[in-house]
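Here is the structure we will look at, set down as structure tokens.
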There are 2 protein chains.
Amino acid sequence: MPDFPQLALDQQLCFPLYAATRAVTKQYAALLTGTGLTYPQYLVMLVLWEAGEPVTVSALGNRLRLDSGTLTPLLKRLELAGRVERRRDAEDERRVLIELTAAGRALREQVADVPLRLASAMDLDRSSVVSLRDELNVLIAHLDDA
Amino acid sequence: MPDFPQLALDQQLCFPLYAATRAVTKQYAALLTGTGLTYPQYLVMLVLWEAGEPVTVSALGNRLRLDSGTLTPLLKRLELAGRVERRRDAEDERRVLIELTAAGRALREQVADVPLRLASAMDLDRSSVVSLRDELNVLIAHLDDA
DNA sequence: CGTCATTCGATTGTGCGCAATACAGTTGTG
DNA sequence: CACAACTGTATTGCGCACAATCGAATGACG
């Protein structure tokens, strides 16, 4: 019976990546209670705040690497909560534009301190965060090619 | 109108982490088609193969940081697929022991090359993988305390 | 021996994440 | 204009992930 050292959970990159993401998401969920946002909803709001103008569903999907099967119901929940409005683009009726409401824009100040609070919970120095972030971006880029 | 540079998607660690995990999971899904395993199911199998003996649901949960709400249905699907058997522990009737079937054990050889194939898809040198893995483990440890 | 807190797992309900599919609207081509 | 190909979004179905809750089994304590 051969052994399979390469299948050891702790030797692989995949599991720490998977576990760390869920741990970070859980921290965000804790900091976002009170805003009514989930973590993926928060990411969508980040894109909308950054854009400063209506954004199509596909643009959101490209930025966040999510497809319409994920975004459509998420955006409907954001609309139901009064954070965004959804309307067809008059220029091209296939497109749906997502626009912040006043309440959606106001939320930005309420979460402005979230990244800082997260960083303190993670307790990593700035250089570790930067190198980790950059290595992850390299990884993503490589997987895109494959 | 104040600006919120700290809310920029690209400056934060959270988004690359989130996106990289989904990219890696997608790669695993591709390599695991044919085995009938999903990525979380593959992780459960890794733990069972490593243990070499029946494992309780809670032990699986501790190792993988997943709760019974996730594991119970996942294990039922693995049982339905003939990979594992579930039975109450005679010593303590509250516990459920998860045991590999012959088919479940046999699967190990079939996926033995998956980590190597993943590593080649990720195209990172060994030292990057190790440092990334270790930094993620540090991150997880810190979030546990918080 | 009762009983009371704890442990273990299952269940329920909500929200992703994604493949596959459907379909309306748009564009290209002759 | 006719019509085929393409685009952008929505829908469906399945499988996680997790909070909250429940109920059975156990163990500690008086």
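Step through the residues of the range B:54-61 one at a time and calculate ³J(HN,Hα) from phi using the Karplus curve (6.51 cos²θ - 1.76 cosθ + 1.60, θ = phi - 60°), rounding each to whole Hz and writing x for Gly and Pro.
x, 10, 6, 4, 5, 5, 4, x
With point charges of +1 on the Cβ of Lys and Arg and -1 on the Cβ of Asp and Glu, referenced to the Cα centre of the range A:35-108, which listed residue (A:L107, A:S68, A:V96) lies farthest in the positive direction of the dipole?
The listed residue farthest towards the positive side: A:L107.
Using θ = phi - 60° and the Karplus form 6.51 cos²θ - 1.76 cosθ + 1.60, what ³J(HN,Hα) does each residue of the range B:10-15 get, whole Hz, x for Gly and Pro?
Listing the rounded values in order: 7, 7, 8, 7, 4, 6 Hz.
Could you tell me the calculated FRET efficiency between B:D144 and A:R87, based on Cβ-Cβ distance and R0 = 30 angstrom, to the nearest 0.05?
0.10
When Lys and Arg each count +1 and Asp and Glu each count -1, what net charge do the other residues less than 14 Å away from B:L13, Cβ to Cβ, add up to?
Value of the local net charge: -3.
According to the square roots a ≥ b ≥ c of the eigenvalues of the Cα gyration tensor, what is the shape class of the range B:13-110, taking rounded for a/c under 1.5, prolate for a/b larger than b/c otherwise, and oblate for the remainder?
Oblate shape, in that a/c is at least 1.5 and b/c is the bigger or equal ratio.
Under a point spin-label approximation (7 Å from Cα along Cα-to-Cβ), what is the B:R117-B:S58 distance to one decimal in nm?
Spacing of the two 7 Å Cα→Cβ label points: 3.8 nm.
Copy-to-copy spacing for B:E79, label 7 Å out on the Cα-to-C-beta vector, in nm, shortest first?
4.2
Quote the relative contact order of chain A in percent (integer), defining contacts as alpha-carbon pairs under 8 Å separated by 6+ residues.
Normalised by residue count, the contact order of chain A is 18 percent.
Going by a ≥ b ≥ c, the root eigenvalues of the Cα gyration tensor, does the protein assembly as shown fall in the rounded group (a/c under 1.5), the prolate group (a/b larger than b/c) or the oblate group?
Prolate, since a/c reaches 1.5 and a/b exceeds b/c.
Counting only other chains, and only Cβ atoms inside 10 Å, what mean value do you get across the residues of A:4-10?
What the average comes to for A:4-10 is 6.
Per-residue ellipticity at 222 nm for chain A, helices alone: DSSP H runs ≥ 4 residues times -39500 (n - 2.57), over residue total, nearest 500 deg cm²/dmol?
The helix contribution divided over chain A gives -20000 deg cm²/dmol.
Sort B:E109, A:E99, A:E91 by accessible area with a 1.4 Å probe, largest first.
Final ranking, largest accessible area leading: A:E91, B:E109, A:E99.
Within the range B:101-135, name every residue whose backbone N is under 18 Å away from a label modeled 7 Å from Cα of A:Q6 along the Cβ vector.
Answer for this model: B:106-130.
Could you name the aspartates and glutamates in cross-link range of B:K26, using Cα to Cα under 14 Å and dropping any fewer than eight places away on the same chain?
Once the sequence-local aspartates and glutamates are set aside, what remains near B:K26 is A:D67, A:D144, A:D145.
Roughly how big is the A-B contact, given as buried accessible area in Å² (both sides, 1.4 Å probe, nearest 100)?
5900
Shielding of A:27-35 by partners, i.e. mean partner chain Cβ atoms within 10 Å per residue?
Mean partner-chain Cβ count within 10 Å for A:27-35: 1.
Of B:L118, B:L48, B:L17, which is the most mobile in a GNM of chain B whose springs link Cα atoms less than 10 angstrom apart?
In the Gaussian network model the winner is B:L17.
Which chain B residue sits with its beta carbon nearest the axis carrying B onto A, and how many Å away is it, rounded to a whole number?
Result for the axis mapping B onto A: B:T21, 2.
The values are calculated or read from the model by the stated rules, or taken from the named source; none is laboratory data. All of these numbers come straight from a predicted model, not from anything done at the bench. Reconstructed Cβ throughout: ideal geometry from the backbone, glycine too, with neighbour counts over all protein chains shown. We work out accessible area using only protein heavy atoms, side chains counted, and drop any ligands, DNA or RNA first. Shrake-Rupley method; radii C 1.70, N 1.55, O 1.52, S 1.80 Å.
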